[in-house]
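Participant: Sharing a structure with you now.
Only the coordinates and a few stated rules stand behind these numbers; no lab work does. Just so we're clear, the structure is a prediction, and the values are computed from it rather than from any experiment. Using ideal geometry, Cβ is built from the backbone for each residue, glycine included, and neighbour counts are taken over all protein chains shown.
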Amino acid sequence: MIQIDGRLYDRAYFDETSRRIAAQIGLAENDSGRYAVCFSETTQWLSLFFAIRKAGASVLPIHPGTPYAAARKLAITANCDRLFYNSLTAEVLDAEQEAPKPGRLLHMSSGTTGAAKCIARLWAEIDREVESYVATFRKPEGMTPVIACPTTHSYGLICGILVALKRGQVPVIVETANPKYLLKVLRETERPLLYSSPAILHTLSRLLPEGEKLHAAMTSGTLLPDPWFVQIRARSEHLFQQYGCSESGCIAINPDMRAAGDMGFVLPHLTAETGSGVDDTGEIVVRSDGGAAIHTRDLGYRRTDGMLVFVSRMDDMINVSGLNVYPGDVEDAVMAMAGVTDAVAFRRSDRFAGERVALLYSANQPVAPQDIRAWCSRHLASHQLPMEMIHVAEVPRQANGKISRREVAVRHAAGEFAGPEAGVAS
């Protein structure tokens, strides 16, 4: 049973709807097709998803807000045979012919460090992830999952819906991004566990009346800035974090989040290799049972208690005259300043230092670049200081709350953020 925007849909509904859809579109047992699906209605999307999975075929879920031209491009990039775009009448695509393969869940990588690519994970791998997740992460067993994130993304689909169904729970799907409506749903739900983005969690923590807390929340997708973490932690009875990557799915879960960088304990169906401590960091490399090594391009280490700690994206690190600068350290310092609401530090070429730090920031009151400079001088080392600080109305984040520093740097180089509020450090 699944609840979608207040309406309950039982298993019989999805079984019958999926059977009807399978017959209508010609899905057969052991189907080897690759189908791209983009529906604005969650019930239609999930019914088709269950039908495709039952047939053993492959599916590429596409965010419901994606325009047709962009959805078609994604479908072609993933070498899909057909595209279902808000209709059960499929568009046949000119896919490259391949030998029949077992069904897979297809999705595109985030593209935060380069061009997005298609990731294909076997249904058996998804099942193993769900089983490991459920067996290891026991705290939510008496909670009601509230999914306020896209169900076309692995976070909402696998960790939200499929995990809830495996536990025998009724997932509550909220399709609107309105934080006040979401608070209403949470208040009406027994022991809710909210799956959402860091940005939504931060907004809710600021909207909650004094004395009221979220029962439980899960964060994922991007490292919480320290000021956000402190506020969300203070307004949550239970705060969880999960860490993963496109190729492996969920890697680790933190059942009691006490620091933003503490990603969690590695799930038992995986092994992870990385650095041994804060002074011995290394790339986080993951292996599944008998599988090939997956290089996450994340820098981290394991504490003696087994906690996996994230330090930075390797591609985001800024080398200033041979000294490493982690953008998160700069962002945390800036966001601790009164009035600053968000910040992103990124790399900029410099003919003397090789690379220097640049900064975009937003604020809810006047904060001049020279004030940022003075504040940073008291809280950061000289090589960490931003050489350029640009005030923007809103820091550009992706739908899942992530920041693509590569994209920010490209847009900056194109002059998109230049303006009278930009400041250059002297």
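Participant: I'd like the trypsin sites (Lys or Arg not before Pro) in the stretch 179-279 restricted to DSSP loop residues with at most 16 other Cβ atoms within 10 Å, sorted by number.
Facilitator: Here the trypsin sites (Lys or Arg not before Pro) that fit, given the DSSP loop and packing criteria, are Lys213, Arg258.
Participant: Quick one: angle between helix 42-55 and the longest Cα principal axis of the chain, in degrees between 0 and 90, rounded to 10, please.
Facilitator: 60
Participant: Dipole size in debye (nearest 20) for the stretch 125-313 around its Cα centre, Lys and Arg Cβ +1, Asp and Glu Cβ -1?
Facilitator: Once rounded to the nearest 20, the dipole reads 540 debye.
Participant: Quick check on packing: order 291-300, 355-364 by the mean number of other C-beta atoms within 10 Å, highest mean leading.
Facilitator: Going by the mean number of other Cβ atoms within 10 Å, highest first, we get 355-364, 291-300.
Participant: Once you have a ≥ b ≥ c as the square roots of the Cα gyration tensor eigenvalues for the stretch 242-287, tell me rounded if a/c is under 1.5, and otherwise prolate or oblate according to whether a/b is larger than b/c.
Facilitator: It comes out oblate by the Cα gyration axes.
Participant: Using only Cα atoms, tell me the angle between helix 198-207 and the longest principal axis of the chain; keep it within 0 to 90° and round to the nearest 10.
Facilitator: So the inclination is approximately 70 degrees.
Participant: Return the subset of Lys73/Lys101; Lys117/Lys402; Lys73/Lys402; Lys54/Lys101; Lys54/Lys180 for which the Cα-Cα distance in this structure is over 27 Å, preserving the input order.
Facilitator: Lys54/Lys180
Participant: By the gyration tensor of its Cα atoms, with a ≥ b ≥ c the square roots of the eigenvalues, what is the shape of the stretch 1-140: rounded for a/c under 1.5, prolate for a/b over b/c, or oblate?
Facilitator: Rounded, since a/c falls under 1.5.
Participant: Moving on to the next point. Report relative contact order for the stretch 2-108 in percent, whole number only (criteria: Cα-Cα under 8 Å, sequence separation at least 6).
Facilitator: 29
Participant: To continue, here is another question. If amide H atoms are built 1.01 Å from N in the plane of the peptide, which residues on other chains or at least 5 residues away come under 5 Å of the amide H of Ile251?
Facilitator: Tyr243, Gly244, Cys245
Participant: Let me ask something additional. Applying the Karplus parametrisation 6.51 cos²θ - 1.76 cosθ + 1.60 with θ = phi - 60° to the phi angles of the stretch 365-373, what ³J(HN,Hα) value in whole Hz is obtained for each residue in order, glycine and proline being reported as x?
Facilitator: 7, x, 9, 7, x, 5, 6, 4, 4
Participant: Follow-up question, since we're still on this one. Karplus couplings for the stretch 296-302 from phi (6.51 cos²θ - 1.76 cosθ + 1.60, θ = phi - 60°), rounded to Hz, Gly and Pro as x?
Facilitator: Computed from phi, the couplings for the stretch 296-302 are 7, 6, 9, 9, x, 7, 10 Hz.
Participant: Summing -39500 (n - 2.57) over the DSSP H runs of n ≥ 4 in the chain and dividing by its residue number, what mean residue ellipticity at 222 nm do you reach, to the nearest 500 deg cm²/dmol?
Facilitator: Value at 222 nm, helices only, nearest 500: -8000 deg cm²/dmol.
Participant: Using a 10 Å cut-off around each Cβ, can you sort Trp228, Trp375 from fewest to most neighbouring Cβ atoms?
Facilitator: Listing Trp228, Trp375 from fewest to most nearby Cβ atoms yields Trp375, Trp228.
Participant: Let me ask something additional. Defining a contact as two alpha carbons under 8 Å apart and six or more residues distant in sequence, what relative contact order in percent does the chain show?
Facilitator: 9
Participant: Putting +1 on Lys and Arg Cβ atoms and -1 on Asp and Glu Cβ atoms, find which of Val163, Ile173, Cys149 reaches farthest to the positive end of the dipole of the stretch 88-178.
Facilitator: Val163
Participant: For Glu355, list long-range residues whose amide hydrogen, built 1.01 Å from N in the peptide plane, is under 5 Å from its own amide hydrogen.
Facilitator: Counting only residues 5 or more places away or on other chains, the set is Ser321, Asp350.
Participant: Then there's this: Skipping prolines and chain starts, which residues have an amide H placed within reach, meaning under 5 Å, of the one on Thr341, given they are 5 or more residues away or on another chain?
Facilitator: Ser362, Ala363, Asn364
Participant: Sort the chain into rounded, prolate or oblate with this rule: let a ≥ b ≥ c be the square roots of the eigenvalues of the Cα gyration tensor; rounded if a/c is under 1.5, and if a/c is not under 1.5, prolate when a/b is larger than b/c, oblate otherwise.
Facilitator: Cα axes put the chain in the prolate bin.
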